[in-house]
Structures are given as structure tokens and as C-alpha cells.
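The values are calculated or read from the model by the stated rules, or taken from the named source; none is laboratory data. Quick caveat: nothing in here was measured; it's all calculated off a predicted structure. Note that each Cβ is placed from the backbone with ideal geometry, even for glycine, and that neighbours are counted across all protein chains shown. With ligands, DNA and RNA removed, areas are computed over all heavy atoms of the protein, side chains included. Shrake-Rupley method; radii C 1.70, N 1.55, O 1.52, S 1.80 Å.
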Amino acid sequence: QITAARECRLLIPEERMGALILRDDYPASENNEDTLIIPNEDQQQALAAKEAIVIRSTEKDPEEPSSWMMRVAIRGQGQALALVELRNRSKANPFPEQTRILTQTLLEHAGIALTEIELIEQERLLRHQAETLRDAAQILNTPNQLDTILDLILTQLKRIVAFDHATVMLIHDDIIRIEAAQGLPEIRDFTGHQFTVEENRVVHPCIYNHQ
């Protein structure tokens, strides 16, 4: 609304892959799926800059309106949280200084809000994890049947780890036995199944290599 841009894109840095996650606002994405793109030099420059950057692409026909783009990074705690790209077509610069200043001010407030939300979410998660660990400790210190304890452990784990199914396996020498299972209906059918450590390529390094 401030810039009257015809196209707006939000790109979120993905540190592990060195890419940007594209979130389209206008035009609306048909499948609403995120798109990973490799940032070009201009985008990398905008992510590092503290001020808005305006670029003009001149058309071959001088009578045609030029394509203008303004890039502004949303920053929080000294790092770029996202990159906003605003595009418009006009003969004159559609992003004058006052518009750039208003956009930067708005996105500075957005960066502060996002940082505060992230800190609150981290605090909530840590508190939730602490409560879960406390509840799990109480369960382990309460006399119960083994299958009840294992089932309660899985219930507590699901509070902090998202999974569709999970199992608890106990080790007897080189034999592993599935003692408890939760999640998909068919997973409970594996309860009581046993196999040797060498037969399972996932369990073996967990036991012997602590991976």
C-alpha cells in the first residue's frame, strides 16, 4: 500500500542450503508451495545493505516504461531475517526517497516484532521442554509396569518431538526387542518383534558409535 508496487516478493534466507525461500504475495501462487532459489549478486548485496536499494531496468524502446525494483532487507539482531522485493513499471522512479524511507521504517518495526516473537517462542519452547522432562522424570520414578512406563515415555516425547510413529526397543545382549509403539495403527503390530543388532543398520551405529 505504501509503494503501490505491482509485485511483491518475500524471500527468507535458508542458511543450510545457501538459498532463499520464495514466498509470493502478488501475484498469488497457484500451488502455494515454497520455491528455493539461489540468490544473485544483487540480492546478496541487498541482504547485506542497511538501506533500500532501487534498480532500474531500461527497456529497448525508450517510449516503454522501465522496470523498477526496490529491495529492502528485514533485519533483526544484526542479521537479515528476510528480503522484500517490490517491483513496478513506470517511466519515472516509482520509489522516491520518501517512499523508501517509509518502507524502511515499516520493515524495521517488522524486524523488531519478528525478533520479539522468536524470543518469546524460544522461551515458550524451553519452558515446554523443561516441563516435559520434569513429567518424564516423575514417570520414571513412579512404580509401574514396564509397558506402561515405555508408553508414557513415548507420550511425553511426542510433546516435544513431532512424529507419526515411534517405537522403544530394549537390548538384551545382541538381541533387540520392540517393547512399545505409538502412532500409525499398524505400527503396534510390530510390538514383540525382535532381531539382532547387526540386522539393523540404523540401530547398530546408535548403540556402538553413539550416533
Measure of exposure for F190: accessible area at 1.4 Å probe, Å² rounded to 10, is 100 Å²
Dipole check, segment 72-122, charges on Cβ (K,R +1; D,E -1), about Cα centroid: among A110, A92, G78 the Cα furthest to the positive pole belongs to A92
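I need the Kirkwood Rh of segment 71-149: take the reciprocal of the average 1/r across all distinct C-alpha pairs and report it in angstrom. Spell out each step's value before the answer.
Working: mean 1/r = 0.0598 Å⁻¹.
Taking the inverse mean of 1/r over all distinct Cα pairs, segment 71-149 comes out at 16.7 Å.
Could you tell me the calculated FRET efficiency between A4 and R124, based on Cβ-Cβ distance and R0 = 35 angstrom, to the nearest 0.05? List each step's numbers first, then the result.
Values: r = 38 Å, r/R0 = 1.09.
Step by step, r from the Cβ atoms, then E = 0.40.
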Counting only protein heavy atoms and leaving out ligands, DNA and RNA, the solvent-accessible surface of D174 at a 1.4 Å probe, in Å² to the nearest 10, equals 80 Å²
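Dipole of segment 68-194, Cα-centred, from +1 at each Lys and Arg C-beta and -1 at each Asp and Glu C-beta, to the nearest 20 debye?
Numbers: 13 positive and 17 negative charges, 207 e Å.
With Lys and Arg at +1 and Asp and Glu at -1, about 1000 debye.
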